[in-house]
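The structure under discussion appears below in the form of structure tokens.
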Amino acid sequence: MLRDHACGALRKEHVGKRVTLAGWVDRRRDHGGLVFIDLRDCEGVVQVVFNPGVSGSAHETASGLRSEYVIQVTGEVGLRPAGTENSQLPTGDVEVITSSVTVLNTSETPPFYINREIDVDENLRLKYRYLDLRRGRMRRNLILRHRVVKFIRDFLDARGFIEVETPVMIKSTPEGARDYLVPSRVHPGKFYALPQSPQQLKQLLMVAGVERYFQIARCFRDEDTRADRQPEHTQLDLEMSFVDEEDILGLMEELFTCLVKSVTPHKRLVEPWPRLAYEDAMDRYGTDKPDLRFGLELANLSDIVAGSEFGVFREAIAAGGVVKGFSAPGCGGYSRSQLEEPNKLAQSVGARGLLTVSLGDEPGSLESLTPDMVRSVAARFLGVDQVREMAQRAGASRGDLLLIAAGDKKLVNRVLDELRREMSSRLGLADPDTLVFLFVRDFPLLRWDADSGRWDSEHHPFTAPRTEDIPLLDTAPEKVRSRHYDIVCNGLELASGSIRIHDPALQRRIFRLLAYSDEEIQERFGPLLEAFRYGAPPHGGIAPGIDRIVMLLADEATIREVIAFPKNQNAVDLMLDAPSAASEDQLAELHLSIRDE
Ligand code: ASP
């Protein structure tokens, strides 16, 4: 190699050694005749000194070096003079006294500082991603991602799993998003679909007798790029034969617990992982992916305010809705302007408004709460006893603030979920170094889609119903519970999975319930149904999102920070400028023409 040591590897024990290094000029400083360079490679940074007394020509070259030039230096490792050591740097006790330097390449001035951890416009970072990735934080994220994937592979290998690649050009498999299509040149008018997940293929691998499959699999979903989504994301796709729920959940709990302890040992975990039933999660947190690092549990107040004269409550309950709320501890003294933000947030989610009830400015017992301490637009409709009862239900004390929403159950849950997260971030309740993984179970198998007037799968159509609920498929489909489970961590859905249907008759029955015609069933799922006729073993699996888990472990706020070359929020690759137009020739070959809309 062009070097015999890594910059970041030099320590006191190297003092006196002659070394050759190669890397990038991180910083250059001229000090009274000496030139100092921080030389950076992928292992770290070391100080390199150019002394005209040691080598005049090296010193002269050094004077012309600029940030990001690529150089090779040879010199002797020395101790830094007393008082100039840098304890922030692993190499901070030493420096290299250079005797010769070669410029391997020059660099234009980069569009942003690479040597400083400062905020840079994300679009600029994405355009010059190869420079962005030189920065320490991004390098740490890439390395962390590598460690996570390597850990997963080793862990599963040790437990008898084999990694099998499945094709990227397949036939559409439904996961609830739009497909990306690839036009076929040799079959005019026909298209491959990019997999939204390898779902059917991994089930076919079970029919093939693989028994323990996994894959670090790329999944493609053409979704509106709201929220933190990417057109392509990476999953740990996994499937096992002869298992029930506990086998998959146990494996996942062990995998992720060991993973965190191994790659981010500073993170705190809650063990064993809590488990929540879907209904319970919705009642207590308003969401099926609650952040359990903090409480702020929702309380149903409907029965307490059932006879209330307060119009908002009365109307909500009369319309079959609910009144729910939670307590924000110590926020009883919130001013009007401090309440503005939560109010706006509630409205942005679709609520008509948010009702707040202040339980006084000072902390104290609920018994000591007097009517004059209660502040709320509903105060004159609510007696102090009623307020106390609501407070008690929400676990509040004097000095706290009740945040209450009334109306349709779904909307109320959505509003309170948002507010719960907002208040936890205001109050600093969610410790960034704690990970609370949990399992959510007992999902309904189906949900009614009012827009299309038909049943939709809560997970996907291959999910098995609970055996004891199968008779309800004909009489009360909404009551059928499924064998689907989710992994949630710190308010993020990390994985979905299920025990699958392996009986072709039951699978066909579910497709029909989902309003697929027999032709559609044959056309879209024929091969799977046929395969199930040849001794399909009972099987189940799961697919945790790799981007999300790495994002959590790296303390990043978006998955873009842990993907080497992500698309931006508009699904554009700013570096390669994709998507881009195809030439007339290409379109003609693919039998395509572009319609002007
Ligand atoms: N294929 C599912 C998904 O991508 C996961 C699974 O059921 O294994 O969400």
Revision key, fill the gap. Requiring at least 3 residues that are basic (K, R), the strands (runs of 3 or more DSSP E) wholly within the stretch 1-81 are 18-31
Practice item. Report, ordered by the first and then the second residue, all pairs with beta carbons closer than 9 Å, sequence separation of six or more or different chains, a first member in the stretch 229-250 that is farther than 22 Å from F532 by Cα and β-branched (V, I, T), and a second member that is part of a strand (DSSP E or B) and within 10 Å of the ligand (Cβ to nearest atom). Key: T234/A217; T234/C219; T234/G545
Exercise for review: For the stretch 191-204, state whether one or more residues are among the charged types (D, E, K, R), more than 25 Å from the chain's Cα centre (by Cα) and either surrounded by 14 or more Cβ atoms within 10 Å (Cβ to Cβ) or modelled with pLDDT of 95 or more (or both).
Suggested key: no
Review point. Quick one: how many residues across the stretch 449-489 are more than 25 Å from F242 (Cα to Cα), touching a strand residue (DSSP E or B) at 6+ places or on another chain (Cβ under 6 Å) and away from the ligand (no atom under 16 Å from the Cβ)?
Key: 3
Study note, to complete from the structure: Note on the stretch 86-137: residues in a helix (DSSP H, G or I) and among the acidic types (D, E) are E122, D132
Revision key, fill the gap. Here the qualifying pairs (Cβ atoms under 9 Å; residues six or more apart or on different chains; first in the stretch 405-419 and over 15 Å from A281 (Cα atoms); second of a type in the set (S, T, Y) and surrounded by fewer than 21 Cβ atoms within 10 Å (Cβ to Cβ)) come out as A406/S302
**Study point:** Listing of strands (runs of 3 or more DSSP E) fully contained in the stretch 479-559 that carry 3 or more residues being buried (at least 22 other Cβ atoms within 10 Å of the Cβ) and not small (G, A, S)
**Key:** 484-489
Review point. Of all residues in the stretch 105-148, which are crowded, with 16+ Cβ neighbours inside 10 Å and β-branched (V, I, T)?
Key: I114, V120, V148
Check your understanding: Of the residues that make up the stretch 165-175, is at least one of a type in the set (D, E, K, R), within 28 Å of E561 (Cα to Cα), surrounded by 14 or more Cβ atoms within 10 Å (Cβ to Cβ) and within 16 Å of the ligand (Cβ to nearest atom)?
Key -> yes
Exercise for review: Filter the stretch 183-226 down to the residues that are closer than 23 Å to P579 by Cβ and basic (K, R), then identify the one that is farthest from the ligand (Cβ to nearest atom).
Suggested key: R185
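Okay, residues lined up against (1) assigned to a helix (DSSP H, G or I); (2) over 39 Å from the mean Cα position of the chain (by Cα); (3) more than 20 Å from S302 (Cβ to Cβ):
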position: K344; (1), (2), (3): yes, no, yes
position: V357; (1), (2), (3): no, no, no
position: D361; (1), (2), (3): no, no, yes
position: D372; (1), (2), (3): yes, yes, yes
position: R380; (1), (2), (3): yes, yes, yes
position: A391; (1), (2), (3): yes, no, no
position: G395; (1), (2), (3): no, no, no
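The values are calculated or read from the model by the stated rules, or taken from the named source; none is laboratory data. Keep in mind that what you see is a predicted model, and the values were worked out from it rather than measured. Every residue, glycine among them, receives a Cβ derived from its backbone with ideal geometry; neighbour counts consider all protein chains shown.
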